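S.K.: The structure that follows is given in the form of structure tokens.
The values are calculated or read from the model by the stated rules, or taken from the named source; none is laboratory data. Being a predicted model, the structure only gives us computed values, none of them experimental. With ideal geometry, Cβ positions are generated from the backbone for all residues, glycine too; neighbour counts draw on all protein chains shown. To get the accessible areas, we keep the full protein, side chains included, count just its heavy atoms, and leave off ligands, DNA and RNA. Shrake-Rupley method; radii C 1.70, N 1.55, O 1.52, S 1.80 Å.
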Amino acid sequence: MDKYVLLTKISRSNFERDVKELATRWPTRHTLSKHHLAIVAHLEARFRAMGYRSTRHAYEHSGKQLHNVLAQKPGGSGGAILLCAHFDSRQENLGAPESPAPGANDNATGVAVLFEMARLLKDVPLRVPLRFALFSGEEQGLWGSTAYAAECKKRGEKLTLVFNLDEVGYPDRAKSLFLDRDEGGVPANNAASATLVARLEALAKTVVKVPTKIDPVEASDYVPFEQLGYVVTGLYEGEYRYPHYHKSTDTPDKVDFAYVTDMARLTLAFLLDYAK
Ligand SMILES: [Zn+2]
């Protein structure tokens, strides 16, 4: 059977539902807002409803206990693939934790694509474990991913690769899929990232049939992992073009859901190609 037949099961309406829910159910997902724990509980419940055991990863920052949300699909004996996205949001004033910050493109879209991967791959045998991480504190400076990356390193975890999804809903004119290549940081893991990006490029061309552009790895949750030597890549459509970036106007009507669907198709093609 065609290895990529699962791509036809990707549901655009799931992205529309998830982005709308995350962007409207709470006025903000700011990590220091009073909604933090309710949002964490919601994300855990979503994993559980798909049949996963979900756990919280707690860390301390700014005198508060904060949380990331994790789930893992078992498989094989190699190091896990870590698929991650930040669930927090911000608006114009980062210091106003209760002010409206719907964060539809940034980054309800990444969370929605991650959930769709969890749903579709739940019972697909893979040769390595697939771990899902939803991080908080990204907007303040990668708090959640920094804490979690340090814990992985301390445990001596051999993660096969880290794949980050951030802002996957606002295309350029050509609707290019933006691939992130590690070109800086520690040098030892750069070549492996370039190999992954070449694989993504090939899959975009032959399976997804959408053009691509390459950006450097920067300013999102893969950075703390990169700095600890892990191999990283991701999809991230270039925040500076998005007119509603970090604004209270980052609402679901600004998201191009056909583009989100293409980003999800490439993510799924990559995971199947790499791990099936
Ligand atoms: Zn973001």
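S.K.: 7 Å from Cα along Cα→Cβ at both Arg199 and Ala58: what's the point-to-point distance in nm?
M.R.: It is 3.7 nm.
S.K.: If you don't mind, another one. What nm distance separates the two modelled labels at Thr206 and Glu21, each placed 7 Å from Cα along Cα→Cβ?
M.R.: 3.6 nm
S.K.: Leaving out same-chain residues fewer than 8 places away, which lysines sit with a Cα under 20 Å from that of Lys247?
M.R.: Those lysines meeting the cut-off are Lys20, Lys34.
S.K.: Same structure, new question: Beta carbons within 10 angstrom, averaged per residue: use that to sort the peptides 190-197, 39-46, 109-116, 262-269, highest first.
M.R.: Descending mean neighbour count gives 109-116, 262-269, 39-46, 190-197.
S.K.: Please report, as a whole percent, how much of the solvent-accessible surface of the chain comes from carbon and sulfur atoms (probe radius 1.4 Å).
M.R.: Here carbon and sulfur together make up 54 percent of the probe-accessible area.
S.K.: Same structure, new question: Among the aspartates and glutamates, which have Cα under 18 Å from the Cα of Lys153 when same-chain residues fewer than 8 positions away are ignored?
M.R.: Straight-distance partners of Lys153: Glu60, Asp221, Glu226.
S.K.: What fraction of the DSSP beta bridges in the stretch 5-275 is antiparallel, stated in percent and rounded to the nearest 5?
M.R.: Given both bridge residues lie in the stretch 5-275, the antiparallel proportion sits at roughly 40 percent.
S.K.: Let me ask something else. Which whole-Hz couplings ³J(HN,Hα) result when phi for each residue of the stretch 70-75 is put into the Karplus expression 6.51 cos²θ - 1.76 cosθ + 1.60, θ = phi - 60°, listed in order with x for Gly and Pro?
M.R.: Working through the residues one at a time gives 10, 8, 9, 9, x, x Hz.
S.K.: Whole-Hz ³J(HN,Hα) for each residue in the stretch 188-196, computed from phi via Karplus 6.51 cos²θ - 1.76 cosθ + 1.60 with θ = phi - 60°, x for glycine and proline: what do you get?
M.R.: For the stretch 188-196, the Karplus curve yields 5, 9, 5, 5, 5, 5, 4, 5, 4 Hz.
S.K.: Let me check against my output: what whole-number percent is the relative contact order of the chain, with C-alpha pairs under 8 Å and at least 6 apart?
M.R.: 25 percent
S.K.: Just grab the label-to-label distance for Ile214 and Asn93, each label 7 Å out from Cα along the Cβ direction, in nm (one decimal).
M.R.: A separation of 4.3 nm, rounded to one decimal place.
S.K.: Can you list residues whose amide H is under 5 Å from His57's amide H, if they're 5+ apart or on another chain and H is modeled 1.01 Å from N?
M.R.: It is Asn68, Val69, Leu70, by chain and number.
S.K.: Is the C-alpha gyration tensor of the stretch 1-59 telling us rounded, prolate or oblate? Criteria: a/c under 1.5 is rounded; beyond that, a/b larger than b/c is prolate, otherwise oblate.
M.R.: Note, shape of the stretch 1-59 comes out oblate.
S.K.: Mind checking which lysines have their Cα closer than 20 Å to the Cα of Lys175? Skip sequence neighbours fewer than 8 apart in that chain.
M.R.: Once the sequence-local lysines are set aside, what remains near Lys175 is Lys205, Lys209, Lys213, Lys254.
S.K.: What's the whole-number percent of alpha carbon pairs in the chain lying beyond 35 angstrom?
M.R.: The share of Cα pairs beyond 35 Å in the chain comes to 8 percent.
S.K.: Is it possible to state the helix-based mean residue ellipticity at 222 nm for the chain, with each DSSP H run of 4+ residues giving -39500 (n - 2.57), the sum divided by total residues, to the nearest 500 deg cm²/dmol? What is it?
M.R.: Here the helix-only value at 222 nm equals -10500 deg cm²/dmol.
S.K.: Amide H neighbours of Asn164 under 5 Å, counting only residues 5+ apart in sequence or on other chains, H built in-plane at 1.01 Å?
M.R.: Cys84, Thr233, Gly234, Leu235
S.K.: Right, another one. Set the Förster distance to 25 Å, then compute FRET efficiency between Asp2 and Ala49 from the Cβ-Cβ distance, nearest 0.05.
M.R.: 0.30
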